[in-house]
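As structure tokens, the structure follows; a few thoughts come after it.
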Amino acid sequence: MLRVGILGCGNIAAKVCDSLKRNKNVVVTGVASRERSKAKKFAAAHCPDAKVFTGYEKLAKSDEVDLIYIATPNTYHYEHAIMCIKEYKNILVEKPFAMSKAEADSIFFEAKNRGLFVAEAMWTSYLPLHKQVLEWIEKGRIGAVKYVTANLGYDIWNVPRLNSTVLGGGSYMDLGVYTTNFALSFMGDDIRVSRVFARQLSSGIDRDTTYSMESEDGSILGNFYVTMCADTDRDGVIVGERGKIRLSNINNYRRIAIYAPNDTLLEEIVAEEDYDHSYVYEFESCAKAIASGLIQAPEMPWSRTVRICQINDTIRSMM
Ligand SMILES: NC(=O)c1ccc[n+]([C@@H]2O[C@H](COP(=O)([O-])OP(=O)(O)OC[C@H]3O[C@@H](n4cnc5c(N)ncnc54)[C@H](OP(=O)(O)O)[C@@H]3O)[C@@H](O)[C@H]2O)c1
């Protein structure tokens, strides 16, 4: 059984706790907030058996948790990750893992020195349907991949965290990290950013970002669009030389389907579990990896997280 401590009692932490209620291998045993009343209220609503900690450091020092799930705003991930690692805790860090490649390198350096498990909570990579799409591609069902596209948009422009430069807001750092992980998953690691167009507010927050990527050998092109101002269809398409795969929704796969080049549907799979249950997969992966003595999750190895952070640096510098 994996004992999880929640660091930061916000929106996503609540969803995760509700999702984990149905899992017996992963149990929330600790909850930490900056405010005691908030942690108590959170625990009562989402994990009544968990111990309540006032202040994140007390959770990091506790011997009642095996893994700490860091669910604070983007710009705090680095500080909280390093604090937990220095207390010899395994960690699962919300996306974006860090604000830069330099921060990510530093977290992995400290974790490796202590033999600790670290993973990015890029939950899409852990979903069964994501693994199924990878398998279809590996088996050559659509031939060599030629073109990849995805969009991810939500009408969330009024969420304070997303409009704050101090908290690392903006559409790219909130949603673009998913499309970049999508690109790396299906275009491969040898890709580069060729074009970025962002519509930025005077604060520098990007409300929409479109970008193109291509493989180093020029054989695969990718186009991506993210926005925090509109609900888009959130679909993804992977076009191969012998057919295509359509994914809906790329932020929580509900349906994946393979088509022949003439658009004939060959096979489709619809997700069985309900939307909010999908967070269990990343925690199950952590539990399995830690039980096996691994310090990385196979679905989100450190190299992938570092590569995403490196691409994030590039895209933000091109806005
Ligand atoms: N995987 C997903 O599907 C998903 C979805 C949404 C967000 N996320 C990621 O999860 C992280 C948290 O997002 P969220 O939507 O849950 O945010 P949120 O509702 O604002 O919660 C963040 C929590 O961080 C803590 N915190 C610490 N310092 C803070 C500060 N200076 N300002 C505000 N909060 C502070 C607060 O907890 P206390 O007050 O209890 O200390 C707060 O409740 C982000 O990195 C985001 O990208 C992931």
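The values are calculated or read from the model by the stated rules, or taken from the named source; none is laboratory data. In this text the structure is predicted, and so the values were computed from the model without any measurement. Cβ atoms come from the backbone with ideal geometry, glycine included; neighbour counts cover every protein chain shown.
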Self-check item: Top-ranked residue of segment 222-278 - restricted to ones that are hydroxyl-bearing (S, T, Y) and within 16 Å of the ligand (Cβ to nearest atom), ranked as nearest to K146 (Cα to Cα)
Solution: Y253
Practice problem: Run N23 past the list (1) in contact with a helix residue (DSSP H, G or I) (Cβ under 6 Å, 6 or more places away or on another chain); (2) near the ligand (Cβ under 10 Å from one of its atoms); (3) not β-branched (V, I, T) and report the number of the one that doesn't hold. | Solution: (2)
Quiz item: Scanning segment 89-100 for residues that are within 12 Å of the ligand (Cβ to nearest atom) and either part of a loop (DSSP other than H, G, I, E, B) or touching a Cys at 6+ places or on another chain (Cβ under 7 Å) (or both), which turns out nearest to R114 (Cα to Cα)?
Solution: L92
Quiz item: Out of segment 44-62, which residues are touching a Ser or Thr at 6+ places or on another chain (Cβ under 9 Å) and either under 19 Å from A81 (Cα atoms) or crowded, with 23+ Cβ neighbours inside 10 Å (or both)?
Solution: C47, A50, F53, T54, G55, Y56, S62
Quiz item: For segment 35-88, what are the residues that are aliphatic (A, V, I, L, M) and part of a helix (DSSP H, G or I)?
Solution: A39, A43, A44, A45, L59, A60, A81, I82, M83, I85
Quiz item: Within segment 224-243, restricting attention to residues that are of a type outside the set (A, V, I, L, M) and surrounded by fewer than 19 Cβ atoms within 10 Å (Cβ to Cβ), which residue is nearest to L266 (Cα to Cα)?
Solution: R242
Self-check item: Yes/no for M173 being under 17 Å from I308 (Cα atoms), in the same structural domain as F197 (by TED's automatic domain parsing) and not acidic (D, E)
Solution: yes
Quiz item: For segment 37-52, does any single residue satisfy the condition of being over 30 Å from S171 (Cα atoms) and of a type in the set (S, T, N, Q)?
Solution: yes
